[in-house]
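Notes to accompany the following structure.
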Amino acid sequence: MLETTATLTSAIDTQQLFDTNSKELYQDSIEKAVEYVKNFLDNETFYSGISIDELRKKKDLISVQNTAPLSIDEALKEIKELYLDHAISFHNTSYVAHLNCPVLIPALVGEVLATAVNTAVETWDQSTSATFIEQEVINWITSLFKLPTTADGVFTSGGTQSNFMGLLMARDHYAYKHFGFNIKENGLNDIIRKFRIFCSEKSHFSIKKNAALLGLGYNSVIPVSTNERFEMEPEALVLAIEKEKQQGNIPIAVVATTGTTDYGSFDPVETINAIAKEYDLWLHVDGAYGGCYVVTDTHKHLLKGVQYADSVTVDFHKTLFQPVCSSAFLVANNDHFKYVSHYADYLNPIENKDNEFPDLIVKSIQTTRRFDALKLWFTLKVTGQKTLASYLETVHYKALDVYSILENDIFFEVVHKPALSTIVFRYKALSIDNDTIHDSINLHIKDTLFKSGQASIASTKLNGVTYLKFTLLNPTITIEKLSHIIHLIKEKGNYYQKNN
Ligand SMILES: *Cc1c(COP(=O)(O)O)cnc(C)c1O
């Protein structure tokens, strides 16, 4: 028996495990990877423009089945050809499509540490001081939002999960407070099917998706109309609440979006809060896009009223230059985490609940969880809040510059003045007065610019009509660059029109 174990130990390759014996291999491997990343930064365009068929053909490179082990050098060479040469560069200023920000070097340093040490922020005995670091970053953001001293929060995988937690708490809290019903213990009942959630018609799709996941269904989400700036209309909210009540339904929550995904518009949180209090509704603020603007001078006033929210979503991987994932869910009353907490004998037994060692797991719907707070902590220490604010203000002003360029160009129709850093517009051929044709032209523009690697822009729909969208998150983008992208859009539009 002993002999077998001994033979086995000498035979297996333990060299690749990260430990004190592999320090040199670790450093050497990571340095090699860093070289490849540096070369990735030199990719000329934001995308190679390779077709999906060409990528599919790289089957041998993609496959992990029955492959002989490679050296790190061989694997890096392969991954360059398969991935690094064709990955989308969010740092490239030709990328103006979605809410993907360029990332900060201090954040990447934080990631190197968190990934290698591999702390899981669940229980004190797994995370020790990481617990305090996450808590400190949470305290930083709750105090910026001026949430009450009872406030608390937790890092999540993103705005979708944060919104899920907000709606879950709203649902369970309402059921408990008004019907003495414990959903965590008993699941749903017929009354809960009458629960209604109100949000602006421009709110993020995750509100509906989460309502479905929570057993309430898409139809429990009541869209409230917006004004010409795409902000929720308080009068319409009141009417919608009254209408649902008349139908025998039970309003439980309202979601105010601070920074809608397409228009960057801010719902009037203070007024919505007054309505929420009047009807005893949970107020959730979805600040996935605009929440981080609390650090700026330009936009912090638009977040007035967030201090009265019951819960808040904020995404650092959208607008604080953090690598994915880095996001937080905040709650005004930390007691409400009881709706998600669970006490497992093997992990955080109930008898330890109030001991002096905090277990972050009681606040999370995840069990094993990444130490995502570290990169933001590093960013706050090294980059600092002032510089972050200047980046956000810069991209906002650039969006306003783009607005005036497009407004003064007869080939464009602009939908809104940027509230944050997005701008929704469309190319308009002068001689054509047909939305279907304009839809095709605009989609053609977007597709050809993407495929050629010239620029990545987004598209969205407003009242059934297709529009293009810029999302600016890179403070290094210049007006010359933006003018060039606008020039390309006109060129493609013109060409398509002439040839179709
Ligand atoms: C992006 C976004 C979300 C979803 O956030 P993820 O981090 O992508 O899950 C939610 N709400 C708004 C307003 C968003 O813009």
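Things to note:
- Restricting the range 206-230 to residues that are within 14 Å of the ligand (Cβ to nearest atom) and outside any strand (DSSP E or B), the residue that is surrounded by the fewest Cβ atoms within 10 Å (Cβ to Cβ): 213
- Check on residue 461, within 23 Å of residue 292 (Cα to Cα), open to solvent by 60 Å² or more (accessible area, probe 1.4 Å) and either of a type in the set (Lys, Arg) or without any contact (Cβ under 8 Å) to a residue 40 or more places away in the chain (or both): no
Listed here are the residues, each with its yes/no results for (1) touching a residue at least 40 places away in the same chain (Cβ under 8 Å); (2) open to solvent by less than 50 Å² (accessible area, probe 1.4 Å); (3) in contact with a Pro (Cβ under 7 Å, 6 or more places away or on another chain); (4) on the phi < 0 side of the Ramachandran plot.
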| site | (1), (2), (3), (4) |
| --- | --- |
| 12 | no, no, no, yes |
| 23 | no, no, no, yes |
| 48 | yes, no, no, yes |
| 52 | no, no, no, yes |
| 65 | no, no, no, yes |
| 86 | no, yes, no, yes |
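- Residue within the range 348-364 that is among the charged types (D, E, K, R), away from the ligand (no atom under 15 Å from the Cβ) and under 20 Å from the mean Cα position of the chain (by Cα) present: yes
- Scan of the range 352-392 for residues that are open to solvent by 50 Å² or more (accessible area, probe 1.4 Å), aromatic (Phe, Trp, Tyr) and assigned to a loop (DSSP other than H, G, I, E, B), ordered by number: 357
- Residue 445 falls short on exactly one of the conditions (1) touching a residue at least 40 places away in the same chain (Cβ under 8 Å); (2) out of contact with any Gly (no Cβ under 6 Å at 6 or more places or on another chain); (3) open to solvent by less than 50 Å² (accessible area, probe 1.4 Å); (4) in a helix (DSSP H, G or I), and that condition is (2).
- Conditions (1) surrounded by fewer than 19 Cβ atoms within 10 Å (Cβ to Cβ); (2) within 11 Å of the ligand (Cβ to nearest atom): number failed by residue 189: (2)
- Residues of the range 281-313 that turn out to be closer than 14 Å to residue 389 by Cα and of a type in the set (D, E, K, R), as a count: 2
- Scope the range 231-286; condition in contact (Cβ under 8 Å) with a residue 60 or more places away in the chain, open to solvent by less than 30 Å² (accessible area, probe 1.4 Å) and within 16 Å of the ligand (Cβ to nearest atom); matching residues: 253, 255, 259, 260, 263, 264, 265, 266, 267, 284, 286
- Here the helices (runs of 4 or more DSSP H) wholly within the range 99-205 that include at least 2 residues being under 20 Å from the mean Cα position of the chain (by Cα) are 105-117, 129-144, 159-179.
- Counted residues, the range 130-144 - those being of a type outside the set (Gly, Ala, Ser), more than 16 Å from the ligand (Cβ to nearest atom) and buried (at least 20 other Cβ atoms within 10 Å of the Cβ): 6
- Pairing each residue of the range 342-354 that is free of Cβ contacts under 8 Å to residues at least 24 places away in the same chain with any residue that is open to solvent by less than 30 Å² (accessible area, probe 1.4 Å), provided the two are 6+ apart or on different chains, yields C-beta distances under 8 Å for 343/349.
- Of residues in the range 289-327 being within 12 Å of the ligand (Cβ to nearest atom) and open to solvent by 10 Å² or more (accessible area, probe 1.4 Å), the one farthest from residue 370 (Cα to Cα): 318
The values are calculated or read from the model by the stated rules, or taken from the named source; none is laboratory data. Quick caveat, the model's predicted, so the values are computed rather than measured. No Cβ is skipped: glycine too gets one built from the backbone with ideal geometry, and neighbour counts run over all protein chains shown. Note: accessible area is taken over every heavy atom of the protein model, side chains too, but ligands, DNA and RNA are not part of it. Shrake-Rupley method; radii C 1.70, N 1.55, O 1.52, S 1.80 Å.
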